Amino acid sequence: MKAIEIGDCIEIHYTTCALEGSVIETSRGREPLKFIVGSDEVLPGLNRGIVGMRPGECKRISISAEQAFGHQHDDLVRTVPRSLLPDKVAVGDQLSVSIDGTLFDVWIQKLSQETAILDANHPLAGESLIVDIEAVPTK
């Protein structure tokens, strides 16, 4: 079987872990992830890691923060009046909000009676990841 190249449409099973080993997400137990290698459908580091594999092959790769979800950006963390948020929100909830005219998905980091701290960084920004990949043979 030929090696996987940029532009190939492939399917993989994956398990993504934090550096200390805790599982963040896995495709095991469901359909494999299907994508075009080199596209922006997946993390840049995953695109790089899959190139050269062969269908049926398994591999463990390390993906730096830059090649995963990027670095934390302090300018994407804002304190806002709690009154601007829906009534029944909790720390960890995700909302879509407009910040300086741009729509962002934000996560609620902290809540007090008067204020809320919202973070538009991806929850895994700044994190390096370990990903176990299995290139699924085509049917």
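Screening residue 79 with (1) of a type outside the set (Phe, Trp, Tyr); (2) without any contact (Cβ under 8 Å) to a residue 40 or more places away in the chain; (3) in contact with a Phe, Trp or Tyr (Cβ under 8 Å, 6 or more places away or on another chain) gives one miss only, at (3). Taking residue 16, is it open to solvent by less than 30 Å² (accessible area, probe 1.4 Å) and either over 25 Å from residue 106 (Cα atoms) or polar (S, T, N, Q) (or both)? Answer is yes for this residue. With the condition kept exactly as written, say whether any residue in the range 111-125 is surrounded by fewer than 16 Cβ atoms within 10 Å (Cβ to Cβ), closer than 27 Å to residue 15 by Cβ and modelled with pLDDT under 95. Yes: the range 111-125 contains one or more residues that are surrounded by fewer than 16 Cβ atoms within 10 Å (Cβ to Cβ), closer than 27 Å to residue 15 by Cβ and modelled with pLDDT under 95. Selection of the range 73-116 for residues being of a type in the set (A, V, I, L, M, F, W, C) and under 25 Å from residue 25 (Cβ atoms) yields 76, 77, 89, 90, 91, 95, 97, 103, 104, 106, 107, 108.
Among the criteria (1) under 22 Å from residue 4 (Cα atoms); (2) of a type in the set (Ser, Thr, Tyr); (3) touching a residue at least 24 places away in the same chain (Cβ under 8 Å), the one residue 39 does not fulfil is (3). Looking only at residues of the range 87-100 that are open to solvent by 70 Å² or more (accessible area, probe 1.4 Å) and modelled with pLDDT under 85, we find that the one that is nearest to residue 75 (Cα to Cα) is 100.
Taking (1) part of a helix (DSSP H, G or I); (2) over 28 Å from residue 15 (Cβ atoms); (3) touching a strand residue (DSSP E or B) at 6+ places or on another chain (Cβ under 7 Å) in turn, residue 49 satisfies each apart from (2). For the range 35-75, a tally of residues being within 17 Å of residue 123 (Cα to Cα) and open to solvent by 70 Å² or more (accessible area, probe 1.4 Å) returns 7. When the range 19-34 is limited to residues that are within 15 Å of residue 134 (Cβ to Cβ) and hydroxyl-bearing (Ser, Thr, Tyr), the one that is most open to solvent (accessible area, probe 1.4 Å) turns out to be 26. Summed over the range 52-85, residues that are part of a helix (DSSP H, G or I), charged (D, E, K, R) and under 30 Å from residue 10 (Cα atoms) total 1.
The values are calculated or read from the model by the stated rules, or taken from the named source; none is laboratory data. This is a predicted model, so every value here is computed, not measured. Counting neighbours? That spans all protein chains shown, and the Cβs are built from the backbone with ideal geometry, glycine included. Please note that ligands, DNA and RNA were not included when accessible areas were found on the heavy atoms of the full protein model with its side chains. Shrake-Rupley method; radii C 1.70, N 1.55, O 1.52, S 1.80 Å.
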